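Bear in mind that the values in this text are calculations on the coordinates, not laboratory data. Predicted model, so just to flag it, every value in this text is computed and none were measured. For neighbour counting, all protein chains shown are included, and Cβ atoms are generated from backbone atoms with ideal geometry for every residue, glycine included.
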């Protein structure tokens with residue numbers, strides 16, 4: 001008879017992010033047919049009672065399961081990829097998905113705003129090679145809504161990377177942003193030319209100074225006062241990227257999230273492992289108490305889990 | 001083809017020494033400066049600067065700036081800079097006077113290859129500690145700003161692949177906007193600033209085939225606000241840069257008093273590229289060789305320098 005612990009372990013092996021290959025092998029691999037039948041009868045979310053007297057795999061679950069088995073493979077392929085090709089492919093995928101699901105465009109904001117100027121340039125080159133188009137031309141022609149102006153501007157930026165900045169300009173631009181936010185009900189802030197100019201052309205150092213001045217002027221953080229999602233993500237990625245990534249990991253490292261949301265941990269960890277994972281881990285700890293690795297232990301399984309843990313440990 | 005004439009054997013150290021001698025003491029030997037710098041390629045000028053720095057612990061450019069003056073100094077300064085750095089300087093000057101000089105920004109953005117434009121943007125970072133697009137944005141407004149920022153920010157696909165169906169549909173979009181004098185220019189800006197040059201040329205061909213007249217002709221009747229002027233410049237630069245440059249030269253020379261800045265810019269930036277072809281276009285259009293027109297309208301060291309760059313000596 002299948003032990004209750006084994007039934008539990010096997011259910012766990014199939015839930016969460018990735019699959020627990022070892023348990024699948026050691027439990028499922030050695031069970032007798034009756035034990036497997038008990039498992040099928042005891043997991044109505046995996047197996048349906050068919051009218052012709054057998055327990056049938058739920059098609060939807062099998063489809064989802066396929067993604068879980070592939071999670072490790074996808075992470076490895078993404079990890080081995082050149083960062084430029086990685087970002088180019090992520091952007092292309094976001095453009096295709098975004099037509100039906102606007103949240104996908106958030107990935108474009110993430111990439112355009114958290115990469116260095118040279119990294120973003122590299123992604124633009126790789127995009128030429130992979131897709132025979134420029135990123136800006138595809139973003140401009142795929143996206144038709146309010147976000148278009150902002151996104152085209154963000155992917156086209158080649159920001160100054162130095163620390164030189166004019167403090168009074170930063171202060172006055174903080175005021176400009178405050179004004180645009182106040183008028184948001186009359187004029188759509190994501191289409192405001194001045195807002196786009198400031199956020200898409202200024203250097204990151206300059207924008208961090210704007211962020212600081214905004215807090216002094218209005219008492220709240222710039223991203224808190226913005227309701228438009230893409231614009232909010234833009235400010236967060238440009239001014240407080242570690243917070244952005246830490247929060248994104250917390251929101252997506254959950255067991256019951258949809259398959260699109262589940263892609264985020266792989267993307268964030270693979271793309272940031274050699275950049276600023278240490279800072280992200282610290283920020284995560286500051287915001288949520290526990291450690292990022294504990295969270296991954298909780299929700300991820302098997303090779304996929306081990307791979308993520310190895311990646312986040314790289315920076316120290 | 002280039003117009004400058006460069007001797008077979010040169011030595012950067014000898015050149016640096018000769019330039020040093022030309023600047024030493026009272027006055028300056030401008031002829032010597034012209035005869036050396038006017039006959040060297042960009043990479044050689046860079047070597048001379050390095051040699052000069054090593055020999056005399058001084059930047060040759062600073063030296064020349066203090067020795068020379070007027071239009072001659074401006075021309076030599078631009079000539080001796082490396083191409084990307086030069087264009088960054090030209091862009092910065094134009095931005096400060098964007099109302100009148102936005103065509104220079106359009107020129108730099110549209111005539112260069114994607115990699116060349118990138119090099120200009122990098123040089124701009126190094127020199128001004130800001131990005132080119134941020135300065136363009138701050139000094140312009142409205143539709144002109146949208147167009148210029150888009151043009152300088154683009155990193156166009158550089159291949160020859162084109163999509164004929166797309167060329168057709170975008171030619172129609174352009175035609176609708178131009179003919180109906182629509183106010184919303186987003187689509188025009190999108191097409192002109194993001195599509196590859198090959199794709200745009202295909203689009204402009206379809207435009208002519210489907211609507212009887214070339215897009216440049218149709219744009220002529222347009223309002224003469226800054227946005228439309230910049231639009232016309234962009235289209236001209238993309239379709240036929242040499243024809244565009246000929247017109248800039250013709251207008252610069254025709255003007256009462258001559259526009260030296262325009263003249264200098266075209267000759268200095270194209271002397272190592274395609275100034276010979278531009279000369280042919282100029283001759284055909286004006287029945288007078290370019291060097292003759294330049295000689296007639298300029299004087300002194302400035303004239304001699306320009307003629308040297310044109311491959312002709314006085």
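For the stretch B:65-108, the Kirkwood hydrodynamic radius comes to 11.1 Å, computed from all pairs of different C-alpha atoms.
Pairs of alpha-carbon atoms within less than 8 angstrom and 6+ residues apart define the contacts here; what relative contact order does chain A have, in percent? Each step should come with its number before you reach the end.
Working: 358 pairs, mean separation 62.7, N = 316.
Relative CO of chain A lands at 20 percent.
The equivalent ellipsoid that matches the C-alpha gyration tensor of the protein assembly as shown spans semi-axes of 58, 28, 24 angstrom, in descending order. Counting only other chain Cβ atoms within 10 Å of each residue's Cβ, the peptide B:154-161 averages 6.
Projecting the alpha carbon convex hull of the stretch B:12-68 along each direction and taking the average yields 3.4 nm².
When the Gaussian network model of chain A links Cα atoms closer than 10 Å, the mean-square fluctuations of A:32, A:242, A:221 top out at A:32. Computed over Cα pairs, the Kirkwood radius of the stretch A:192-272 leads via Stokes-Einstein (1.306 mPa s, 10 °C) to a diffusion coefficient of 113 µm² per second.
Sort the following peptides by mean Cβ neighbour count (other Cβ atoms within 10 Å, averaged over residues), highest first: A:252-264, B:300-312.
My ranking of the peptides, most packed first, is B:300-312, A:252-264.
Only Cα sites of the stretch B:157-312 enter the Debye sum here, all with the same form factor; the resulting log10 I(q)/I(0) across q = 0.15, 0.16 1/Å is -0.86, -0.93, listed in q order.
Among B:82, B:54, B:279, the largest mean-square fluctuation in a Gaussian network model of chain B, built with springs joining Cα atoms closer than 10 Å, belongs to B:54. Our compactness index for the stretch A:5-54, the C-alpha radius of gyration over the empirical 2.2 N^0.38 Å, is 1.18. Counting neighbouring Cβ atoms within 10 Å and putting the fewest first, the residues B:56, A:127, B:43 line up as B:43, B:56, A:127.
Per-residue shielding of B:184-194, expressed as the average number of other chain Cβ atoms within 10 Å of the residue Cβ, stands at 3.
Relative to one another, the C-alpha centroids of the stretch A:257-316 and the stretch B:202-266 are positioned 55 Å apart. For the stretch B:83-153, the relative contact order is 36 percent, taking Cα pairs closer than 8 Å that sit 6 or more residues apart in sequence and dividing their mean separation by the residue count. Angle between the Cα long axis of helix B:241-254 and the longest principal axis of chain B, 0 to 90 degrees, nearest 10? The two axes meet at around 60 degrees.
Highest mean packing comes first when the peptides A:227-238, A:91-102 are listed by Cβ atoms within 10 Å, giving A:227-238, A:91-102. How many percent of Cα pairs in the stretch B:247-309 exceed 15 Å? That fraction is 44 percent. Mean projection of the Cα convex hull over all viewing directions, computed for the stretch B:164-239: 4.4 nm². Quick one: pull the percentage of alpha-carbon pairs in chain B with a separation above 32 Å. Above the 32 Å cut-off, chain B has 33 percent of its Cα pairs. Taking chain B as a Gaussian network of alpha-carbon nodes connected by springs under 10 Å, the highest mean-square fluctuation of the residues B:107, B:73, B:58 belongs to B:58. Hydrodynamic analysis of the stretch B:1-140 uses the Kirkwood radius over alpha carbon pairs. Inserted into Stokes-Einstein at 25 °C and 0.890 mPa s, it gives a translational diffusion coefficient of 149 µm²/s. Dimensions of chain A from C-alpha coordinates, computed as largest minus smallest value along each principal axis and given longest first, are 75, 40, 39 Å.
Remark on the stretch A:1-124: Rg and Dmax equal 20.4, 62 Å (Cα only). The distance between label points at residue B:127 and residue A:43 comes to 6.6 nm (points 7 Å beyond Cα on the Cα→Cβ vector).
Each peptide in B:22-30, A:202-210 was scored by the mean count of other Cβ atoms within 10 Å over its residues; highest first, the order is A:202-210, B:22-30.
Across peptide A:190-196, the average count of Cβ atoms from other chains found within 10 Å of a residue's Cβ is 2. Bin width 5 Å, alpha-carbon pairs only: give the P(r) of the stretch B:60-159 as whole percents, running from 0 to the bin holding the largest distance. So the P(r) values, bin by bin, are 2, 13, 23, 23, 17, 12, 7, 3, 1, 0.
In chain B, the longest principal axis of the Cα atoms and the axis of helix B:260-270 are about 90 degrees apart.
Between 0 and 90 degrees, the angle of helix A:167-182 with respect to the longest Cα principal axis of chain A falls at about 70 degrees.
Dividing the mean sequence gap of close Cα pairs (under 8 Å, 6+ apart) by how many residues the stretch B:164-239 holds gives a relative contact order of 33 percent.
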